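Throughout, read-outs are computed from the coordinates displayed, never taken from laboratory work. Predicted, not measured: the structure shown is a model, and the values here were computed from it. Don't worry about glycine lacking a Cβ; one is built from the backbone with ideal geometry, like all the others, and counts go over all protein chains shown.
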Amino acid sequence: MNMTRQAKVCDGAPFYVLGPVVTDVFPGYDHITSAIGATAAAYYGASFLCYVTPAEHLALPKPEDVRAGCVAYKIAAHSADVARGLPGARDWDDRMAAARGSFDWNAQFALAFDGEAARALRQRDLGTDHDYCSMCGKEWCAMRISRDLREEMAKHPERS
Ligand code: SF4
């Protein structure tokens, strides 16, 4: 309603929003509560998102708070672009899905918004030479099982 009304009253002028937070009971995490609201706002037509940090309503943000807020809002903006079907927005995700499906870890790190963080998490348990991760493990990796099934079916097209 807010987005629609603003566009009408202001003759479609670009609209800027701060958040909004979707709940007030998570102080210390308002970069997340507000990014949820910002995603909805962008989806419904906000033109510009102003980030909120974890320190909102608590303290003056430190550089690490600013970083957390900016990352949360990059996620919000991109998610809304994808949901709105903006041209090209989903291409990045599709490339990541392909890299993930083929267990190309280095391509995933290259495509990732923060490849350094992704690489550090990956290397915490396993390197880049395994076709599964430590979440489900080798035997239960659904992507690994799906890939093996696809390969097996390709060898025996008569069974499909
Ligand atoms: S182990 Fe599970 S979480 Fe990890 S890549 Fe495979 S399906 Fe995904």
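Structural remarks
- The ranking of PHE48, PHE15 by Cβ neighbour count inside 10 Å, starting from the fewest, reads PHE48, PHE15.
- The trypsin sites (Lys or Arg not before Pro) of the range 104-143 include none that meets both criteria, a DSSP state outside H, G, I, E and B (loop) and at most 10 other C-beta atoms within 10 angstrom of the site's C-beta.
- Cα lying deepest toward the dipole's positive end in the chain, options SER134, MET153, ALA72, charges on Cβ: MET153
- Share of pairwise Cα separations in the range 1-86, more than 23 Å, in percent: 23 percent
- Charges were assigned to the Cβ only: +1 to each Lys and Arg, -1 to each Asp and Glu. The resulting dipole of the range 1-86 about its Cα centre is roughly 220 debye.
- Measure of compaction for the chain (Cα Rg per 2.2 N^0.38 Å): 1.35
- Rounded, prolate or oblate (a/c below 1.5 giving rounded, otherwise prolate when a/b exceeds b/c) for the range 87-160 by Cα gyration tensor: oblate
- Taking Cα atoms only, the orientation of helix 115-125 departs from the longest principal axis of the chain by about 50 degrees.
- Counting only alpha carbon atoms, the long axis of helix 142-155 and the longest principal axis of the chain meet at about 50°.
- Compared with the dominant principal axis of the Cα atoms in the chain, helix 63-84 is inclined by about 80°.
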